[in-house]
């Protein structure tokens, strides 16, 4: 049955992947791995440039905050 309609499998799997990524982000909107996965997912797997860009920008914002926090730790230890 699966071999008769491989296109259905692909879309159902992609739908499930998307649900999982979005659920992870619902639980923790700043989760770096989920933001990175979302950006790549919408860039490659289910192309949507607007969403890919949005998640990539969110990722960068969170990383910049983490870097600033880590730099504060370093600076305060000197």
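Summary of values
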{"item": "Condition met for residue 48 (under 26 Å from residue 65 (Cβ atoms), at pLDDT 90 or above and within 12 Å of the chain's Cα centre (by Cα))", "result": "no"}
{"item": "Scan of the stretch 51-67 for residues that are loosely packed, with under 13 Cβ neighbours inside 10 Å and either closer than 18 Å to residue 17 by Cβ or over 12 Å from the mean Cα position of the chain (by Cα) (or both), ordered by number", "result": "61, 64, 65, 66, 67"}
{"item": "Number of the exception - residue 40 against (1) under 8 Å from the mean Cα position of the chain (by Cα); (2) free of Cβ contacts under 8 Å to residues at least 24 places away in the same chain; (3) crowded, with 16+ Cβ neighbours inside 10 Å", "result": "(3)"}
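The values are calculated or read from the model by the stated rules, or taken from the named source; none is laboratory data. All values reported here derive from a predicted model rather than from experimental measurement. Note that we place each Cβ from the backbone using ideal geometry, even for glycine, and neighbour counts take in every protein chain shown.
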